[in-house]
Amino acid sequence: MESEGLILFFIIGAVLVGAAVAVSSFAPPTSTNPQKAETYECGIPTEGTSWLQFNVGYYLFAILFLIFDVETVFLFPWAVVMREVGMVAFVEILIFLTILGLGLIYAWKKQALKWD
């Protein structure tokens, strides 16, 4: 009984996605203004080329932030069930925080957190 509902769910999802793709192909934007092809930088007209190579440090810093930010979100569900699960949850969160700390130490040693 449940498998029919799951199959129906995926079929309806595929039909809705297909309908959205079909509608978007029939109604594309029709503006051919050359300004639409220009790069927009906060209202300031760009000077020169807009294709600049950014320092990889910005991307690395952003990825590290996302990793540590998302991993700290996992602490909230753990805090909710900590009393129910007991010592097992405590040991698991210690392992989790140890891995998180080792990742931070590794990033620090590789000087990934410096703005040069």
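Structure above, values below:
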{"read-out": "Residues of the range 92-116 classified as closer than 20 Å to VAL81 by Cα and either touching a Gly at 6+ places or on another chain (Cβ under 6 Å) or among the hydrophobic types (A, V, I, L, M, F, W, C) (or both), total", "value": "5"}
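So that you can scan it fast, the table gives a plain yes or no per residue for (1) in contact (Cβ under 8 Å) with a residue 24 or more places away in the chain; (2) over 18 Å from LEU113 (Cα atoms):
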| site | (1), (2) |
| --- | --- |
| ILE44 | no, yes |
| TYR58 | no, no |
| PHE65 | no, no |
| PHE68 | yes, no |
| GLU71 | yes, no |
| LEU75 | no, yes |
| TRP78 | no, yes |
| ARG83 | no, yes |
| GLU92 | no, yes |
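Values in this text are rule-based calculations from the coordinates and carry no lab data. From a predicted model like this one, the values you see are computed outputs, not experimental measurements. Ideal geometry is used to build each Cβ from the backbone, glycine not excepted, and the neighbour counts take in all protein chains shown.
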